[in-house]
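Here, each number is a calculation from the coordinates, and none is a lab measurement. Since this is a predicted model, take the numbers as computed values, not measurements. Cβ sites come from the backbone with ideal geometry, for glycine too, and all protein chains shown count toward neighbours.
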Amino acid sequence: MSIRKLTVFLAAALFAAAVGFGVSGRLREKKEAEEYMPSVQTVTVTAVGDCTLATDAYASQTGSFNAYASQEGDDYSYFFRNVAPIFAEDDITIVNFEGTLSNGGQRADKEFAFRGKPEYVQILTSSSVEAANLANNHSSDYGDVSLTDTIKYLNEAGISNFAGTNTAIRNVGGISVGLVGINALNETEAAKLERAIGSVKELGAQLVIVSVHWGDEKETEPNDAQKEIAHKAIDLGADLVIGTHPHVLQGIEKYNGRYIAYSLGNFCFGGNNNPSDKDTVIYRQVFTFVEGVLQDDDNMVLIPATISGHDEYNDYQPSIASGERKTAIQNKLLDASAQFGLQNLNFR
C-alpha cells in the first residue's frame, strides 16, 4: 500500500472511531440521563382542633364523654370511627390534646379542668393519630403530675407530643418533620416561639409545623396578636401554622407561600355535652420534596366536618359533613378567609 493510500486509510479509520466514540458517548449519556431520576418524596399531614377526652368532674355526667366511654367499654375506636379512614391515609395526624391522661394530681382551681383515664390514649392509637400538641391551657389541669403522666402515656403509645421548647421530630420516609407547640395565651410560653423553631431546625427538620393555642374564645375572626405570631412563625421558618383555642372556626391565610389555619375549632370535645357550634374542619396538606428540598406547590384541602353525628346533642363522634351542612361550613370558611385575600379554597 502506498504512503498516500495508507494515510487516507488511517484518516478514515480515525474518523470512524471518533464518530463511533461520539455516538456511543451520546448514547451512554442519554442512558445515564434516563436512568437518573430525582428523588421525590411526599409528606401528608392532617390536623384537627381541640380534643378533650374527658368530662369536668364538676359537670353533670349524664350524656358526658365519660358516660359514652363507659358505655362503649373497651372499644375506644368509637370516638374517631367516622374519621379514622381519613387519618389512616396520611403520614402524620396531629390533634390538639386539650386535657390530661392521669390517675393522679389534684384538680386545679379553675372553671373547667379535664382529666381522662390513662387508657383513653387508645382512642388515639386505634385511629391512626401520630402526634399531639400539649401546648394549651389545660395540659396541667391536675397539676404537674398530670402533665408528666400524659407525656408518659403518649410516649409509651408512640405518639409524638410537644409543647414549648419540648419539641418533637418525626421521620417520614427519610424526611425529618419538626413539630412545635406554643401556648400563646401565656406570655412566657409565647416567648419560646423562636427558640422552639430554631431547635427543630438545628436538629435537621426539613418540614416545620407549628401548632399555636391563641385567640379569644367564640370569636370567629383572629385578633391582631394571632396574626402577628403567625407571621412571625413563618418568618422564622414554619411551613404550616395551625391554630386552636377559640372553639369555633376562623379563616385561612396564605402568607409568604405558607398556610395559616387560625382556628380549626373543636373536634372530639368532651368539655360540653351540647355545644351550640358543632362545625369543624379537617385540614390536610401534602408537602412535596425533591432531593430533600421542600417545593413551593399548593396541595391543601379542607374537609368539612361536625364534632357530633347529631345536631341535638354531642355524641363525641366527629363526622364528615355532607349536603347542605357541608355547603354551609364551606361558605363559613370562605367568608372568614376572604379578609386574607383567599377567594377560593380547595374542599373535599
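Things worth noting here:
- Cβ-Cβ contacts under 6 Å between residues 6 or more apart (or on different chains), taken from a first residue in region 131-143 that is in contact (Cβ under 8 Å) with a residue 12 or more places away in the chain to a second residue that is among the β-branched types (Val, Ile, Thr) and buried (at least 24 other Cβ atoms within 10 Å of the Cβ), are listed as Ala131/Ile94; Ala132/Val95; Ala135/Ile182; Asp141/Thr100; Tyr142/Thr100.
- Here Ala191 meets each of (1) loosely packed, with under 15 Cβ neighbours inside 10 Å; (2) touching a residue at least 40 places away in the same chain (Cβ under 8 Å) with one exception, condition (2).
- Where strands (runs of 3 or more DSSP E) fall wholly inside region 100-190, no range has 1 or more residues that are farther than 24 Å from Ile229 by Cβ and in contact with a helix residue (DSSP H, G or I) (Cβ under 8 Å, 6 or more places away or on another chain).
- Among the candidates Val212, Val208, Val200, the residue that is in contact with a Ser or Thr (Cβ under 7 Å, 6 or more places away or on another chain), surrounded by 15 or more Cβ atoms within 10 Å (Cβ to Cβ) and not in a loop (DSSP other than H, G, I, E, B) is uniquely Val200.
- The combined condition, being in contact with a Lys or Arg (Cβ under 9 Å, 6 or more places away or on another chain), among the acidic types (Asp, Glu) and either part of a helix (DSSP H, G or I) or over 30 Å from Glu324 (Cα atoms) (or both), is fulfilled by Glu194.
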